Amino acid sequence: MGRILGKFVLAGIAFAAGITWGIVADAAEAGIPIRALLGF
């Protein structure tokens, strides 16, 4: 049971990272500085 849950958590993290990277890549293509996006 724990192994299934672990895989689910890893999949969730990978999915969230993929969405975040997609947003960052889109912003970079649009000419928006990534630092501005992150709030620095």
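Shape analysis of the chain based on the Cα gyration tensor places the equivalent ellipsoid semi-axes at 31, 10, 4 Å, largest first.
With a simple spin-label model that places each label point 7 Å from the Cα along the Cα-to-Cβ direction, the separation between Ile23 and Phe8 comes to 2.4 nm. In the chain, the longest principal axis of the Cα atoms and the axis of helix 2-29 are about 10 degrees apart.
Every read-out reported here was derived from the displayed coordinates using simple, explicitly stated rules and does not represent laboratory data. Predicted model only: the values in this text are computed from it and were never measured. So basically every Cβ, Gly included, is an ideal-geometry build from the backbone, and we count neighbours across all protein chains shown.
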